[in-house]
């Protein structure tokens, strides 16, 4: 015979309700025992009947169910503290997010005004503050630009100085080379007579060499 699916509602018949309670209680206690043995889990089960009778099971052989209940209470307290900390941290992050959103909105508004947009919504004091801010920014920009110019000029002067030193050394080398060249003796051949009968006559001038032909 196929058993029908039991409807999940209160059994009105008291006798049937008591029989069902007894069967399912024993089955639940058996399942708790199997879970503790098979999975090495700490299991505590407490059951009160409609008449107030207590049924309990504890997987701890050396202690009563109170140990498991105390452990459960400590865990709940720790979770409560942890949840409170998470809630406080979440609230703090929300406040920081709102503050950052306001700062970003303020910066965007300032940027638009610096670009000359939406100035018709500004008061005279706001426009004066905006003008002062722009003047301070221009002063900083000019100071930075002048500093860069000075650095560039100093660098060019250093390069010019190096080039002048190189040019000076090259001129000194040219003068030294020319002086050395002038001091050398160079032989000069002087030919007398017709080309087919000319006789060389060696001379020693002081500065340059040449060939002279006399027919």
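Using the Cβ-Cβ distance between residue 139 and residue 100 with R0 set to 35 Å, the FRET efficiency from 1/(1 + (r/R0)^6) comes to roughly 0.70.
Less than 17 Å from a label point 7 Å out along the Cα-to-Cβ axis of residue 6: which backbone N atoms in segment 28-69 qualify, by residue? Answer for this model: 28-32, 47-50.
Just check segment 67-174 against the gyration tensor rule for me: Cα atoms, a ≥ b ≥ c as the square roots of the eigenvalues, rounded for a/c under 1.5, and otherwise prolate or oblate depending on whether a/b exceeds b/c. Oblate is the answer for segment 67-174, as a/c is 1.5 or above yet b/c matches or exceeds a/b.
Put the Cα centre of segment 2-38 next to the Cα centre of segment 151-169 and the gap is 103 Å. Computed extension gain for residue 66 through residue 159, at 0.36 nm per residue and net of the alpha carbon distance, reaches 24.4 nm. Above 15 angstrom, tally the Cα pairs of segment 14-59 and express them as a % of all pairs, no decimals. So the pairs more than 15 Å apart make up 47 percent of the total in segment 14-59. At an R0 of 41 angstrom, the distance between the Cβ atoms of residue 21 and residue 93 translates into a FRET efficiency of 0.25.
Every number in this text was worked out from the coordinates using simple rules, so none of it is lab data. All figures in this text were calculated on a predicted structure; none of them were measured in a lab. Counting neighbours? That spans all protein chains shown, and the Cβs are built from the backbone with ideal geometry, glycine included.
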